[in-house]
Amino acid sequence: MKLKSLVLFSFILISSFSFSQEKFTLSGVISDEKTNETLIGVSIIIEELRTGTSTNEYGFYSITLPKGAYNVRISYLGYADYTTVIDLNKNIKNNFSLKVGEETLEEIVVTDTPNKIDIKKPEMSVNKLSINTIKQMPVILGEVDILKSILTLPGVTNAGEGQSGFNVRGGAVDQNLILLDEATIYNSSHLFGFFSVFNADAIKDLKLYKGGIPARFGGRVASVLDIYQKEGNSKEFHVNGGIGLISSRILAEGPLVKDKGSFLVSGRSSYAHLFLKLTDNKNSAYFYDLNTKLSYKLNDNNNLYLSGYFGRDVFSLNKSFENTYGNSVLNFRWNHLFSNKLFSNASLIYSDYYYGLTLDFIGFNWDSGIKNYNFKYDFKHYISNKTKLTYGVNMVYYDFNPGKIEPTGTDSGINPEQLDKKYAFEPALYLDIEQTISKKITVNYGLRYSMFYRLGSQEINVYENNQAVNYDANLKIYEKATPIGTKKYGSNETIAHFDNLEPRFALSYSIDDKQSIKMSYNRMSQYLHLISNTQSPTPLDVWAPSDDFLKPQILDQYAVGYFRNFSNGKYTIEVESFYKDIKNRLDYIDGADLIANNAIEQVVLAGKARAYGLEILARKNEGKFSGWISYTLSRSEQQTPGRTADEIGINNGNWYKTGWDKTHNLSVTSMYQLNDKWSFGSIFSLQTGQPVTYPNGQYQYLGITVPSFSSRNSNNLPVYHRLDISATMTPRNNAGKKVKGEWVFGIYNLYSRKNAASISFRQNQDSGNNEAIRLSIFGIVPSVTYNFKF
Amino acid sequence: MVKFIYKITTFIIFLILILFSFVSCEDVVNVDLETSNPRLVIEASILWQKGTSGNEQKIKLTTTTDYYSNVIPVVSGATIFITDSSNTYTFYENPGTGEYFCGNFNPVINATYILTVIVNGETYTATETLKAVPSIDYAEQDVFNGFGGEEIEVKFFFQDNGAEENYYLAKFTSNFNLLPEYDYFDDEFTQGNQMFSLYINEDMKANDELNFTLYGVSERYYNYMSILLNIAGGNGGSPFSSPPATVRGNFVNQTNSDNFAFGYFNLSEIDTTTYIIQ
């Protein structure tokens, strides 16, 4: 009897211990109280345990804690903090609605600023710019521009004025993965870089990963720009927009089914060309884009989204030349909660990039593009408050049309031709684990396994010794090799295949509450190459999939950084240093003909690239006067030695600076809220001039002057600097009016510096003398925009 | 043809960029440049005008010099000769000019020739084939709707030989231009068709004289000229141009392979015509 009671008692004792270890999950969705927009990256802090979590891209959070009562504090930039007491004695689903924070005029002293750096998260080399901050920055040409905003961050630059795309940590423009609601965008600029393709009004949040890229991203080696659109206000119908000198935009959003379904439609267009028409000038250049989204909450565990984007740029010169290009995307997503710890998102995406050119005076019409079909299934598994898993699968099928040439009429001398269409399939699996090892150390480690299949049907050239480029040892030049035959591949037959393991690792060590050291390593592979040997991608550039001749680009990046918050997050400083090297970076033989080339392999050579640098970002996050200073010291270079010791390589096989290398890059952004009517902003940029190749001599040939050159990119254009300012005027009586308006005035390049976009050397047609000509594109450019909402 | 399309497109794109700014401009600026050691330049363009004997030919020898100089140094006292399968043709200098002449050259379509130039004890050689050219059929004037409004355009028509891959060089000289202008194209999209070479110039007006010369060239010379014209055209600085490169011709320095010569040895049959603008 006594033994039995002893056993029973022990059993009860033991089970009561396990009972007291019992854990429950608190989860839910956090949104804006007025619009029902879900909020990304909201901090949920459990005061007693000094732990917490944050909402994911769809506003969902989940945290598993031992049974007990806790003070839960929720905070997010731009919103008032919300605290509540949660008695966690079972699994609780709690959705929170946050109220927009009231702007006060006095210096804001907040105990825990959301803008301060998350010291503990191993996330590094990431810049998150809230859409509100972007909207306060000075606008150029009247439009809030996401790409221009990220250029004020360290490590981000663009090759020059009037050039599209952006460069991250010395990477090329084709090495950035640009995602809009999970769909890939191929060309991020309208009008050669003057405007980005993103309408800031429709954007909810964006994050730029420069390094420490999590395993769920792959396919591009330098960076990830992850942009999410708003769902649309599911409570009330609203319209907002802006009318500017060069372009205008309008957005309408509202409920389809109150609190359950919403829509958002926004459009933007430029119309400077209409002014040209008024002067009887028959040329035009304009762009337009359209963002649409439908969202529907089926029930507590299921959400559906359908989003679309359509953008076009059109140039036409008096009917003899017409050029149209742009992205279109359609995607369907389904959020499903398998449990309060397992969140999933399935996406089905169709994306299309089109480029078309008609030259009527030659009788020539050109169409090219890329279509891709993409399926993603991503899981976020909130196992415990110390461990979170992210895993999933991503598959893309590509259909490339490098070009279709057609005569425009019967009298055209052009023969029709279809360049070989190319097909490929890129599947990948990934797993990422974020773990809090101790009070001071958090790690994030993961692995992505990516594969690439280059598929038929296609007829592929076969070369002697598999060399598509010949080297003439006497003349020391590279030339195209002539194929010795072809090999036919059937539909979906594998022509080449690659697979790569991409480990990712990041660690954060918090020295104390205010400062930490972080380090990361990632390996990325990129199976697509943008075939271009110009500094700025022209729309004529073509994307080519990897094959036996164009091997995938493989990158290794190492980064280490020091992060510190001062005065409770009022000031922050981030210092990061990075090193990356890339294998299989394509380089081109001299005189490579890339347009309408059906055999790119005959003009490319494989080389390598590397970049390294130091980035400093110092920010003042609160108060009437706020802003940041970013400085980057870096080098970006590439080398293409010959394939054998005898070959000369490109630039004699020496390292040379890439066209987007910028030794010094300084950007100072500041914002000043004078009172509730006026606010001001300014951006000052200072950069080393672009690398260029200057002549070191000349000679005469056939009656014209020909410059001769030294090594590639060994000179620089003059230093680039400019100052932009803006002022926003919000009338005081706005609060009471139905239609609220504000005026935004801006001046780009305030002191009208003639920054050199290029310096070319040529013979003067009248005098025959040689001269250096500097081209500068923008002088002082004022802009006025009227923004309204109702 | 494609190169032409690319160039026109690049030019137009660049013009459009300028459309968007209020104060975009081009200024002549002072840029200090270094000067490399002088290098030999051999301009050996052997041309056989249809309907002539092609016996009189000229080769020029000069060196590179500093970029801003107006004086091009000539090279005198060199030994120059061309050999084919049976003969040797010697070139004699007009003393002190750097120009070397030959009076008995024998041009044969598709024959291979070897040029030898001996300067300062170093021997340079080059090998090329003489390429044929179709005759120019006729010229047509029309109106081009360009960026600046209406401009005059002239097309010169000729029949491409559908049996082979052809490469062409075109030269335009006129009474309104100080310098010659060149263009290069192939028959990739126009194989076997009647092709045209297009010339547009906003300065052209009625009664101006436009001279057009069509050259048949080898693929290697076509590649050479495409790089050379891009560099010489001053496109070196445009963001849409390819990186400028030191363009190597087809000369091999048999004595010292690093000391290469600029220029090219090419042989082309040519046809010319002069058109008066209406």
Out of the residues in the stretch B:163-187 meeting the condition of being under 23 Å from residue B:231 (Cβ atoms) and among the acidic types (Asp, Glu), tell me which one is farthest from the other protein chains (Cβ to nearest Cβ). B:183
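Keeping to the stretch B:228-246, report how many residues are modelled with pLDDT of 85 or more and either at the interface with chain A (Cβ under 7 Å from one of its Cβ atoms) or in a loop (DSSP other than H, G, I, E, B) (or both).
Going residue by residue through the stretch B:228-246, those that are modelled with pLDDT of 85 or more are B:228-229.
Checking the rest, the ones that are also either at the interface with chain A (Cβ under 7 Å from one of its Cβ atoms) or in a loop (DSSP other than H, G, I, E, B) (or both) come to B:228.
The total comes to 1.
Open to solvent by less than 40 Å² (accessible area, probe 1.4 Å), within 11 Å of chain B (Cβ to nearest Cβ) and closer than 30 Å to residue B:70 by Cβ: is that true of residue A:767 in this structure?
Working: open to solvent by less than 40 Å² (accessible area, probe 1.4 Å): no; within 11 Å of chain B (Cβ to nearest Cβ): yes; closer than 30 Å to residue B:70 by Cβ: yes.
For residue A:767, the condition - open to solvent by less than 40 Å² (accessible area, probe 1.4 Å), within 11 Å of chain B (Cβ to nearest Cβ) and closer than 30 Å to residue B:70 by Cβ - is not met.
Are any residues in the stretch A:258-274 within 14 Å of another protein chain (Cβ to nearest Cβ) and not aliphatic (A, V, I, L, M), and if so, which ones?
Filtering the stretch A:258-274 for residues within 14 Å of another protein chain (Cβ to nearest Cβ) gives A:270-274.
Of everything in the stretch A:258-274, those that are within 14 Å of another protein chain (Cβ to nearest Cβ) and not aliphatic (A, V, I, L, M) turn out to be A:270, A:271, A:273.
Quick one: in the stretch A:293-340, which of the residues that are assigned to a loop (DSSP other than H, G, I, E, B), open to solvent by 60 Å² or more (accessible area, probe 1.4 Å) and over 30 Å from residue B:151 (Cβ atoms) is modelled with the lowest pLDDT? Step through it out loud before you land on a result.
Kept after step one, since they are assigned to a loop (DSSP other than H, G, I, E, B), are these residues of the stretch A:293-340: A:300-301, A:318-320, A:338-340.
In the following step, the residues that additionally are open to solvent by 60 Å² or more (accessible area, probe 1.4 Å) were identified as A:300-301, A:319, A:338.
Then keep just the ones that are over 30 Å from residue B:151 (Cβ atoms); that gives A:300-301, A:338.
Working: A:300: 87, A:301: 91, A:338: 94.
Taking the candidates together, the pick is A:300.
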Subset of the stretch A:26-50 that is open to solvent by 30 Å² or more (accessible area, probe 1.4 Å) and in a strand (DSSP E or B) - its residue that is modelled with the highest pLDDT: A:29
Output the residues belonging to the stretch A:67-84 that are within 39 Å of the chain's Cα centre (by Cα), under 19 Å from residue A:50 (Cβ atoms) and part of a strand (DSSP E or B). A:70, A:71, A:72, A:73, A:74, A:75, A:82, A:83, A:84
Failed item, numbered, when residue B:90 is tested on (1) within 22 Å of residue B:217 (Cβ to Cβ); (2) in a strand (DSSP E or B): (1)
Take the conditions free of Cβ contacts under 8 Å to residues at least 24 places away in the same chain and charged (D, E, K, R) and apply them to residue A:593. Does it pass? yes
From the list A:759, A:747, exactly one residue is over 27 Å from residue A:670 (Cβ atoms), part of a strand (DSSP E or B) and either more than 7 Å from chain B (Cβ to nearest Cβ) or touching a Leu at 6+ places or on another chain (Cβ under 8 Å) (or both). Which is it? A:759
Would you check which residues across the stretch A:772-790 are more than 30 Å from residue A:237 (Cβ to Cβ) and open to solvent by 40 Å² or more (accessible area, probe 1.4 Å) and list them? A:774, A:780, A:782
Looking only at residues that are small (Gly, Ala, Ser) and loosely packed, with under 14 Cβ neighbours inside 10 Å in the stretch A:66-96, which one is modelled with the lowest pLDDT? A:80
So for the stretch A:427-434 (the condition being away from chain B (no Cβ under 14 Å), under 30 Å from residue A:314 (Cα atoms) and touching a Ser or Thr at 6+ places or on another chain (Cβ under 9 Å)), does at least one residue qualify? no
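Checking the conditions here, which among B:181, B:150, B:188 is modelled with pLDDT under 90 and crowded, with 17+ Cβ neighbours inside 10 Å?
Details: B:181 fails: modelled with pLDDT under 90; B:150 fails: crowded, with 17+ Cβ neighbours inside 10 Å.
One residue alone meets the criteria, B:188.
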Restricting the search to the stretch A:234-252, which residues are in contact (Cβ under 8 Å) with a residue 24 or more places away in the chain and not in a loop (DSSP other than H, G, I, E, B)? A:238, A:239, A:240, A:241, A:242, A:243, A:244, A:247, A:249, A:251
Only unsatisfied item for residue A:666, checking (1) out of contact with any helix residue (DSSP H, G or I) (no Cβ under 9 Å at 6 or more places or on another chain); (2) buried (at least 16 other Cβ atoms within 10 Å of the Cβ); (3) touching a residue at least 40 places away in the same chain (Cβ under 8 Å), is (3)
Only one of these conditions is not met by residue A:614: (1) modelled with pLDDT of 95 or more; (2) buried (at least 17 other Cβ atoms within 10 Å of the Cβ). Which number is it? (2)
By residue number, the members of the stretch A:284-295 that are within 27 Å of the chain's Cα centre (by Cα) and either hydroxyl-bearing (Ser, Thr, Tyr) or within 14 Å of chain B (Cβ to nearest Cβ) (or both) are A:285, A:286, A:287, A:288, A:292, A:295
Sort through A:719, A:739, A:784 and tell me the only one that's aliphatic (A, V, I, L, M) and at pLDDT 90 or above. A:719
State which residue is farthest from residue A:710 (Cα to Cα) when the search covers only the stretch B:50-82 and only residues that are buried (at least 16 other Cβ atoms within 10 Å of the Cβ) and among the polar types (S, T, N, Q). B:57
One residue is enough: does the stretch A:624-643 have a residue meeting the conditions open to solvent by 20 Å² or more (accessible area, probe 1.4 Å), more than 29 Å from the chain's Cα centre (by Cα) and polar (S, T, N, Q)? no
For residue A:779, only one of the following conditions fails: (1) assigned to a strand (DSSP E or B); (2) within 14 Å of another protein chain (Cβ to nearest Cβ); (3) of a type in the set (Gly, Ala, Ser). What is its number? (1)
Please state which of the following conditions residue A:352 fails to meet, knowing it meets all the rest: (1) surrounded by fewer than 21 Cβ atoms within 10 Å (Cβ to Cβ); (2) within 14 Å of chain B (Cβ to nearest Cβ). (2)
When the residues of the stretch B:191-204 are filtered to those that are more than 8 Å from chain A (Cβ to nearest Cβ) and crowded, with 18+ Cβ neighbours inside 10 Å, which remaining residue is farthest from residue B:215 (Cα to Cα)? B:204
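The values are calculated or read from the model by the stated rules, or taken from the named source; none is laboratory data. Treat the numbers as computed from the prediction; the structure is a model and nothing was measured. We place every Cβ from the backbone using ideal geometry, glycine too, and count neighbours over all the protein chains shown. For the accessible areas, the whole protein counts, side chains as well, though only heavy atoms, and no ligand, DNA or RNA atoms are used. Shrake-Rupley method; radii C 1.70, N 1.55, O 1.52, S 1.80 Å.
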